[in-house]
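For reference, the structure is listed below as structure tokens.
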Amino acid sequence: MTAVYVLWLRELRRYVRSRVQIVASLGQPCLYLIALGFGLGPTFQKAGNGSYLQFVAPGVIGMTILFSSVFSGIGLLWDRQFGFLKETLVAPVPRLNLMLGKTLGGATVAMIQGVLMLAIACLIGFRPVSLLQIPVGLAFMALIAIVFAALGTAIGSLLEDMQGFQLTMNFLVMPIFFLSGALYPLAGLPGAMAVVTWFDPLAYGVDGLRAALIATTHFGPLHDLAALGAFAAAFLAFGSWSFSRIQV
């Protein structure tokens, strides 16, 4: 477990030292939150759905965690390029521990950014229905972070160049985000599109956040919890397999 802690701490230190990354990574979510939250607010309210800022804030928080956690896998490519990964892999430590350390480090960074985004949302007008439900929301945020950090680590283990990783992630991340219901309600979608959302992990994460923060749900919080747990287990297993195949 020492290796897990060391790699977790390394990812956290890398993030804390990069103040530019902290600010830049929150720029796009803030743009979505402010531009869409206030821009589409009157239209959403006229449709009888209440405040769009209240609706979209959990989706933007989920988006922040998604982007941060899944792109944490790029750290593997940096480590491979500069030789740190080779030094780590030759150590007498199970590779499962190494993979868990990288994944938990990426998930922790994503959680920090998610909490910062929640604080920003509250500053501009978002209001959770109950402060007692915030810990439940944090639990869903942690699950989202673990799911996508494991996916990022798995894909980072299989690829060997930055360009391939970025292209692959963009190919996966944008559909995951736009099909999650982060920006629109899932109720009333066309049949084929509704079926696709069932296989989108972020859809359950965003729905769980809405259930906790604004008491609105599409699947149900227990369903969301079970689905995220299953995705986390599957991606951690996939990540462990792909990490074990890295050639020293």
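Every number in this text was worked out from the coordinates using simple rules, so none of it is lab data. All values derive from a computational prediction rather than experimental measurement. No Cβ is skipped: glycine too gets one built from the backbone with ideal geometry, and neighbour counts run over all protein chains shown.
Residue exposure proxy: 161, 207, 224, ordered by other Cβ atoms within 10 angstrom of their Cβ from fewest to most, comes out as 161, 224, 207.
Arrange the following residues from fewest to most other Cβ atoms within 10 Å of their Cβ: 55, 140, 67, 178.
By the 10 Å Cβ count, ascending, the order reads 178, 67, 55, 140.
If you find the alpha carbon centre of the range 163-208 and of the range 225-248, how far apart are they in angstrom? Each part's Cα centre sits 19 Å from the other's.
Ordering 127, 245, 80 from the fewest to the most neighbouring beta carbons within 10 Å gives 245, 127, 80.
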